Each structure stands twice: as structure tokens, then as C-alpha cells.
Amino acid sequence: MHALVIGATGATGKDLVEQLMKDDSFKKVDVFVRRPLDIQHNKLTIQVIDFDQPDEWRDLVIGDVLFSCLGTTIKAAGSKEAQWKVDYGYQYEFAQAAKENGIERYVLVSAEFASPKARSFYSKMKGELEEAVKELGFSRLSIIKPPILMRKDSDRNFEVLGLKIIQLVNKAGLLRSQQPLPTEVLAQAMINSAKQTTSTNEVLIGKAIRNRAEFNE
């Protein structure tokens, strides 16, 4: 397969690209980034683009499956509007281009409590994106809604604090369903989802994500 990736510079994206490089099912991998990456591989193509200029990159979105794990924080973006542009706008525009160019498999990393009816800005934004990409009509759409992630060297304070709290209560036998998910496990679940042969929409959450990472059927 020919894989396309947006969000390749994040923790999940880095693990995803690394695993795609090792997976013989993928013969070519294109990553779309804002600035050059310091990695090389014989099946890797790095497309340096301006996400705000879709007319310049739309025709490059050609392949078999689009992996989307793009995301930022309000702190990094500077405002809710700027975060919306990245987390919703860029991802939807790429999904739309993929569908228009004949890509029928789309794997999207969302958020565990994402819902268009959610009260929190982040969960509502992610939920609205889920609904929007469903309307595009992909033959195979996988939406993965992970719990708090275990990112290597995370600088997100809310994640670091949340991770410590959940790990503490896990030791007490509580919140087993909320066990933190390593980004490399999420990346493997994404890859295995892309390999599924059925034509359907699916939403993976909780234990189902770990199961998908372990089994490719």
C-alpha cells in the first residue's frame, strides 16, 4: 500500500512513520509537513507544504490510505481559533482532498470523549470533525479515540499531571478502562486498521484499540 501521513512530527506520528518504514505491507510513505525532517528511508517521501495553501498540495494527496494524527494545543496555537484551524480545518481539508483523489481508506486519531454535543471546546471540535469526515463517504473509515496518551518526553502539562493521577488510581485497582495508552501502541492500531479488508466505518475506543494493535485480521 501507499500511505500518506499528516501529523508526522508529533509523538504518535513519529511512531507511526517508524512502524510504516518497517512494515512490508507499505511500499511507499508520503508525509506532509511544514518543514523538512531529518530522516531518510528508501520508501519515504517528505512533502514540505504550506497547509494554508491547499491548491498547492491537493494534487499530491494520492495513495491508498490517509493517516491523520495531526493536532496541537491552545497553548501552542495561541488561541481556540488557531487550534480549530489545525485540528479541524487542516485535517478536514486533507480528508476531503483524499476522497476527491480516489483514496478510500482513512484512519483518524480523535479523542476519547469527542462529541459534537460536548461542552468542552476540545471534545466538541473533535466530535464535529468526526461527523464531517463521515459525510465524505470513505469506503473504509477508522476513527480511533484513545484515552490519555503516554508520549515520550511529553511537554503537555495537563497530560503529565493526568498521567500521574491515572497511574496512581490504576495501582489502586480503579479506572482500568482508562489506562494510559503508549503512542507506539496507538500507531500499531492505526496501521492494523488500515489493513482491514472490510468496507465499513468503525470507531475504536478503550480496550478495542489495544486489541487492534495486537491483532491484524
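The values are calculated or read from the model by the stated rules, or taken from the named source; none is laboratory data. Everything numeric here is computed off the predicted structure, so don't read it as measured data. Heads up, the Cβs are rebuilt from the backbone with ideal geometry, glycines too, and the neighbour counts pull from every protein chain shown. Heads up: the accessible areas ignore ligands, DNA and RNA and are worked out on the full protein's heavy atoms, side chains in. Shrake-Rupley method; radii C 1.70, N 1.55, O 1.52, S 1.80 Å.
Quick notes
- Taking the conditions (1) within 15 Å of Ile191 (Cα to Cα); (2) open to solvent by 50 Å² or more (accessible area, probe 1.4 Å) in turn, Asp50 satisfies each one other than (1).
- In region 131-217, counting only helices (runs of 4 or more DSSP H) that sit wholly within it, the ones holding 3 or more residues that are within 19 Å of Thr72 (Cα to Cα) and either open to solvent by less than 40 Å² (accessible area, probe 1.4 Å) or modelled with pLDDT of 95 or more (or both) span 157-171, 183-195.
- Single unsatisfied condition, Ile103 versus (1) part of a helix (DSSP H, G or I); (2) in contact (Cβ under 8 Å) with a residue 24 or more places away in the chain: (1)
- Any hit, region 103-111, residues being under 19 Å from the mean Cα position of the chain (by Cα), within 30 Å of Thr198 (Cβ to Cβ), among the small types (Gly, Ala, Ser) and surrounded by 14 or more Cβ atoms within 10 Å (Cβ to Cβ): yes
- When we screen Lys43, Lys22, Lys28, Lys14 for residues that are of a type in the set (Lys, Arg) and buried (at least 20 other Cβ atoms within 10 Å of the Cβ), the only hit is Lys14.
- Summed over region 28-86, the residues that are of a type in the set (Asp, Glu) and in contact (Cβ under 8 Å) with a residue 60 or more places away in the chain give a count of 1.
- Matching residues, region 45-60, being in contact with a Lys or Arg (Cβ under 8 Å, 6 or more places away or on another chain) and of a type in the set (A, V, I, L, M): Val48, Ile49
- Scanning region 53-69 for residues that are within 17 Å of Gly7 (Cα to Cα), open to solvent by 20 Å² or more (accessible area, probe 1.4 Å) and assigned to a helix (DSSP H, G or I) turns up Pro54, Arg58, Leu60.
- Subset of region 9-46 [among the β-branched types (Val, Ile, Thr) and either over 21 Å from Val185 (Cα atoms) or touching a Gly at 6+ places or on another chain (Cβ under 6 Å) (or both)]: Val33, Ile39, Thr45, Ile46
- Breaking point among (1) within 24 Å of Phe121 (Cβ to Cβ); (2) modelled with pLDDT of 95 or more; (3) assigned to a loop (DSSP other than H, G, I, E, B), for Ala82: (3)
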